[in-house]
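Encoded as structure tokens, the structure appears first; notes follow it.
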Amino acid sequence: MPQLDLHPFICREDNYGVLVHDAATGQTATIDAPAAPAIERELARKGWKLTHILTTHHHTDHVEGNLALKEKWGATIIGPKAEAARIPGIDQRVSGGDSYDFAGREVKVIATPGHTKGHIVLHLPEEKLLFAGDTLFALGCGRVIEGTLAEMWTSLDKLRKLPRDTVFHCGHEYTESNARFALTIEPGNEALVKRAARTKAQRAKSEMTLPGTIGEELDTNVFLRPESKEIRSILSMALAGNADVFAEVRKRKDAFR
Ligand SMILES: [Zn+2]
């Protein structure tokens with residue numbers, strides 16, 4: 001099957017939009033709908049017609065464009081059942097473990113509570129693609145707003161088990177500040193040091209740092225690396241469980257400026 005055509009772009013302040021297009025069927029999805037005007041502009045640029053809005057969670061900067069886009073295109077909105085009441089125009093409600101079809105591809109729904117209670121991420125195993133919303137960021141992870149730190153760790157641990165060559169997109173361009181923080185937690189990680197330098201150069205030119213791969217996150221994302229001896233040494237948590245190490249890293253990031 002020919003590859004899906006992916007078109008990521010930055011909108012609002014630091015949100016990522018991404019359009020997913022299948023040339024054979026003409027189907028086009030937006031992953032979340034941060035802002036209708038920006039999505040309309042990108043659709044026009046590509047000459048694509050919107051058929052689907054695939055929602056990861058209920059935050060305003062992920063659903064604000066829903067009704068305007070649905071009104072214009074009649075697009076089908078598929079989102080998390082647990083947050084259906086807060087997702088404008090939702091047509092199809094899905095939960096972790098469900099699968100649905102987009103353009104003849106299987107989209108697996110993975111429940112990742114933490115950032116919000118009902119957050120889901122979308123995994124297309126055949127395409128080796130992950131749309132991680134605000135659960136996993138490049139060199140970071142979402143703030144734990146509605147769930148517990150333990151829930152967030154369980155969610156991230158699920159994503160650690162995906163194949164290393166899985167390409168992932170996420171909801172925000174936070175990579176540069178994530179890199180600055182990460183260097184305080186694991187400064188001896190050479191792959192991280194290199195990636196941080198690359199990120200800084202990219203952002204200086206206003207380039208996108210996404211998409212990334214799960215493999216690169218496993219090597220450089222301190223939120224996914226509680227086994228690291230260096231991280232444990234810096235946190236003085238040599239014998240702690242992974243969930244506790246993650247929780248401490250997340251707390252430090254919340255306080256980091
Ligand atoms: Zn969010």
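The values are calculated or read from the model by the stated rules, or taken from the named source; none is laboratory data. Quick caveat: nothing in here was measured; it's all calculated off a predicted structure. Neighbour counts run over all protein chains shown; Cβ positions are idealised from the backbone, glycine included.
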TODO: Output the number of residues of the range 68-88 satisfying the condition of being in contact with a helix residue (DSSP H, G or I) (Cβ under 8 Å, 6 or more places away or on another chain) and more than 19 Å from residue 27 (Cα to Cα).
DONE: 3
Task: Residue match in the range 83-100 (condition: closer than 30 Å to residue 222 by Cα, within 16 Å of the ligand (Cβ to nearest atom), modelled with pLDDT of 95 or more and buried (at least 23 other Cβ atoms within 10 Å of the Cβ)) - done: no
Task: Residue count, the range 134-162 (criterion: buried (at least 22 other Cβ atoms within 10 Å of the Cβ), away from the ligand (no atom under 16 Å from the Cβ) and over 24 Å from residue 208 (Cα atoms)) - done: 1
Task: Out of 52, 21, sole residue that is in contact (Cβ under 8 Å) with a residue 40 or more places away in the chain and either under 19 Å from residue 120 (Cβ atoms) or crowded, with 18+ Cβ neighbours inside 10 Å (or both) - done: 52
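So that you can scan it fast, the table gives a plain yes or no per residue for (1) under 17 Å from residue 105 (Cα atoms); (2) away from the ligand (no atom under 16 Å from the Cβ):
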position: 23; (1), (2): yes, yes
position: 28; (1), (2): yes, yes
position: 36; (1), (2): no, yes
position: 52; (1), (2): yes, yes
position: 60; (1), (2): no, no
Open item on the list: Return the residues of the range 105-127 that are under 8 Å from residue 155 (Cβ atoms), in a loop (DSSP other than H, G, I, E, B) and more than 12 Å from the ligand (Cβ to nearest atom); say none if nothing qualifies.
Closed with: 113
Open item on the list: Checking residue 108 against (1) surrounded by 15 or more Cβ atoms within 10 Å (Cβ to Cβ); (2) of a type outside the set (A, V, I, L, M, F, W, C); (3) over 21 Å from residue 125 (Cα atoms); (4) within 18 Å of the chain's Cα centre (by Cα), only one condition comes out false. Which one?
Closed with: (3)
Open item on the list: So residue 175 ticks every box in (1) buried (at least 22 other Cβ atoms within 10 Å of the Cβ); (2) among the β-branched types (Val, Ile, Thr); (3) within 16 Å of the ligand (Cβ to nearest atom) but one. Which box is left unticked?
Closed with: (3)
Task: Complete set of residues in the range 167-192 that are part of a helix (DSSP H, G or I), among the hydrophobic types (A, V, I, L, M, F, W, C) and farther than 14 Å from residue 230 by Cα - done: 179, 181
Open item on the list: Go through the range 25-73 and report how many residues are of a type in the set (Lys, Arg) and not in a helix (DSSP H, G or I).
Closed with: 1
Open item on the list: Criterion first (touching a Gly at 6+ places or on another chain (Cβ under 7 Å) and either in contact (Cβ under 8 Å) with a residue 12 or more places away in the chain or part of a helix (DSSP H, G or I) (or both)) does residue 2 satisfy it?
Closed with: no
- [ ] State whether the residues of the range 62-79 include one that is closer than 16 Å to residue 120 by Cα, surrounded by 18 or more Cβ atoms within 10 Å (Cβ to Cβ), away from the ligand (no atom under 16 Å from the Cβ) and hydrophobic (A, V, I, L, M, F, W, C).
- [x] yes
Open item on the list: With the requirement that a residue be more than 21 Å from residue 207 (Cα to Cα), in contact (Cβ under 8 Å) with a residue 12 or more places away in the chain and assigned to a loop (DSSP other than H, G, I, E, B), what does the range 137-166 give you?
Closed with: 142, 143, 144, 145, 146, 147, 148, 162, 163, 164, 165, 166
